[in-house]
Amino acid sequence: MKLLLIGSQASNNILRHPLPVLQYTSLPDVIHGTACFILDPADPQQQDALLIHIRQHPHWFAFPVFTVQPSPLSPYLSDGLPPDDLLIRIEQFEQRYQILKVDPEKGLTERLLTYLWLWPGRTLMAKPHPESPRLYDYPLAALWVDQDNELFPWLHSLEREGLIEGATLVDRVRYCSVCHSGHLNYVEACPECGSIDVAAESALHCFACGHVATQTDFLHSGHLSCPNCLSQLRHIGVDYDRPLENYRCHSCHALFVDGAVKVRCLESGHEQTPEQLIVRSIRHYKLTDSGVMYMRNGAQRNLIPEWIGAHVTEEHFYWLLLWQNKLALRHQNSHLVVALRYTELATVIYQLGEAEAITRIDALTQRLQSVLRVTDVCCHYRDDMLLFFLPNTPANHVSVITGKLIALSEEQTTQHLRLDFRLRALPDPTLDDNATIWVQQLLGEFTS
């Protein structure tokens with residue numbers, strides 16, 4: 001990978017970096033292979049223009065880009081300051097780039113997931129945008145979406161599919177129910193006639209008779225006296241007090257404490273109540289485990305597998321457990337659930353590199369499927385975890401399966417992979433309508 005320093009303010013620390021550094025005053029027209037950009041121009045606006053150009057480029061958009069000085073768009077389009085472990089991070093990037101199975105030119109989804117996956121820790125950042133009817137924007141994604149009104153529905157569809165998830169809740173915004181604009185005006189109105197011509201008035205409360213009216217009604221010849229019982233009000237807290245602030249409607253002259261709230265959209269002019277507004281949470285987004293699997297396998301798994309023996313999704317596995325457990329309770333069948341975990345996977349990735357570690361895990365997964373029956377169901381639950389459902393497995397077969405798994409684990413010692421597993425039989429009366437909790441309890445046995 002080439003390290004490209006763009007700008008005239010060259011940092012000595014960067015130029016002394018062990019990687020070969022190529023210094024430019026502007027972006028080159030062509031880059032062969034992968035590159036890491038370090039931007040250090042004199043003008044922040046120029047830096048933002050460079051960031052936009054890189055992130056819009058069909059081949060450079062996911063390359064690591066670091067900025068030495070901040071600029072308005074640097075928190076949203078760059079990877080921040082160059083990290084201390086830049087060499088290790090660049091090596092990890094190149095390993096992932098070599099095993100990339102998704103074509104980012106296929107569509108927006110592939111491009112965003114590629115960007116988030118190639119450099120671990122990246123998030124899609126939301127930025128306040130008061131000029132926009134949405135009030136917030138995602139500067140990076142906005143570079144790739146043709147129409148502004150497509151951005152939020154697209155991101156929400158990815159969130160519903162489980163490919164991205166909220167990393168941080170930034171804000172909660174309310175939008176017009178008609179045009180979905182966030183440019184709203186909230187105004188207090190009279191609850192009797194609906195007029196917005198209301199004003200606050202100070203009110204007094206007479207302790208002698210309990211009469212409440214405006215301060216003007218109590219004021220006579222410069223002194224305070226109750227218009228109802230004519231008592232002189234000399235000391236606040238003794239003769240009278242000031243209750244909650246009242247409002248007077250100048251249209252119907254009604255007196256009230258709590259007014260009605262009207263919301264008027266400044267874009268469409270539509271009036272509505274606060275309860276009718278659309279509430280939307282604004283979040284920074286990150287890649288989910290399902291998104292990682294999407295990138296590693298080159299496609300998202302369908303909810304229903306394409307063939308017998310194929311992997312199923314987590315949701316399908318949960319549904320299968322509930323269904324088969326109820327059948328087993330009714331018909332006295334015996335099934336087996338196996339949780340298999342690759343222990344110390346992070347250490348293996350560090351020692352062998354991600355590309356080699358993934359290759360060996362894939363080979364082991366295929367070996368597992370050759371040991372198991374074609375009718376056994378597999379779910380790639382997590383990077384380091386596989387779940388298996390073995391239908392019609394009597395209790396006296398558990399020792400045979402345990403022996404196979406132990407033998408398989410011993411085979412992996414030369415591959416730097418270690419396996420651990422847990423078994424649980426079905427039917428299980430504790431598996432009610434929440435398979436998620438039941439599976440979590442099973443996985444919790446790995447740490448017990």
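Points to keep in mind about this one:
Matching residues to (1) assigned to a helix (DSSP H, G or I); (2) under 23 Å from Pro120 (Cα atoms):
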residue	(1), (2)
Ala42	no, no
Ala49	yes, no
Arg55	yes, yes
His59	no, yes
Tyr76	yes, yes
Asp84	no, yes
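- Considering segment 239-352, the qualifying strands (runs of 3 or more DSSP E), each wholly inside and each with 1 or more residues that are of a type in the set (Phe, Trp, Tyr), out of contact with any Ser or Thr (no Cβ under 8 Å at 6 or more places or on another chain) and at pLDDT 80 or above, run over 246-249, 335-343.
- For segment 100-125, the tally of residues that are under 13 Å from Tyr294 (Cα atoms), in contact (Cβ under 8 Å) with a residue 60 or more places away in the chain and among the hydrophobic types (A, V, I, L, M, F, W, C) stands at 5.
- Taking the conditions (1) on the phi < 0 side of the Ramachandran plot; (2) out of contact with any Lys or Arg (no Cβ under 9 Å at 6 or more places or on another chain) in turn, Glu105 satisfies each one other than (2).
- Check on Thr436, in the same structural domain as Val337 (by TED's automatic domain parsing), loosely packed, with under 12 Cβ neighbours inside 10 Å, touching a helix residue (DSSP H, G or I) at 6+ places or on another chain (Cβ under 8 Å) and modelled with pLDDT of 80 or more: yes
- Pro128 being exposed (fewer than 13 other Cβ atoms within 10 Å of the Cβ), under 25 Å from the mean Cα position of the chain (by Cα) and not in a loop (DSSP other than H, G, I, E, B): yes
- Total residues in segment 93-125, condition among the hydroxyl-bearing types (Ser, Thr, Tyr), surrounded by fewer than 19 Cβ atoms within 10 Å (Cβ to Cβ) and outside any loop (DSSP other than H, G, I, E, B): 1
- Among the residues making up segment 153-200, those that are closer than 18 Å to Arg134 by Cβ, among the hydrophobic types (A, V, I, L, M, F, W, C) and not in a strand (DSSP E or B) are Trp154, Leu155, Leu158, Cys176, Val178, Cys179.
- Residues within segment 363-394 that are part of a helix (DSSP H, G or I) and closer than 20 Å to Leu320 by Cβ, tallied: 3
Let's see how each residue does on (1) over 23 Å from Pro128 (Cα atoms); (2) surrounded by fewer than 20 Cβ atoms within 10 Å (Cβ to Cβ); (3) free of Cβ contacts under 8 Å to residues at least 40 places away in the same chain:
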| position | (1), (2), (3) |
| --- | --- |
| Pro44 | no, yes, yes |
| Leu51 | no, no, yes |
| Arg55 | no, no, no |
| His59 | yes, yes, yes |
| Val65 | no, no, yes |
| Ser74 | no, no, yes |
| Ser78 | no, no, yes |
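- The set of residues from segment 140-153 being within 16 Å of the chain's Cα centre (by Cα) and either assigned by TED's automatic domain parsing to the domain that holds Glu315 or surrounded by 15 or more Cβ atoms within 10 Å (Cβ to Cβ) (or both) comprises Leu140, Ala141, Leu151, Phe152.
- Annotation: of all residues in segment 220-237 being among the hydroxyl-bearing types (Ser, Thr, Tyr) and either in a loop (DSSP other than H, G, I, E, B) or out of contact with any helix residue (DSSP H, G or I) (no Cβ under 7 Å at 6 or more places or on another chain) (or both), the one that is surrounded by the most Cβ atoms within 10 Å (Cβ to Cβ) is Ser231.
- Of the set (1) within 48 Å of the chain's Cα centre (by Cα); (2) more than 30 Å from Gly182 (Cα to Cα); (3) at pLDDT 90 or above, all apply to Cys229 but (1).
The values are calculated or read from the model by the stated rules, or taken from the named source; none is laboratory data. Computed from a predicted structure; not experimentally measured. Quick reminder, even Gly has a Cβ in these numbers, built from the backbone with ideal geometry, and neighbours come from all protein chains shown.
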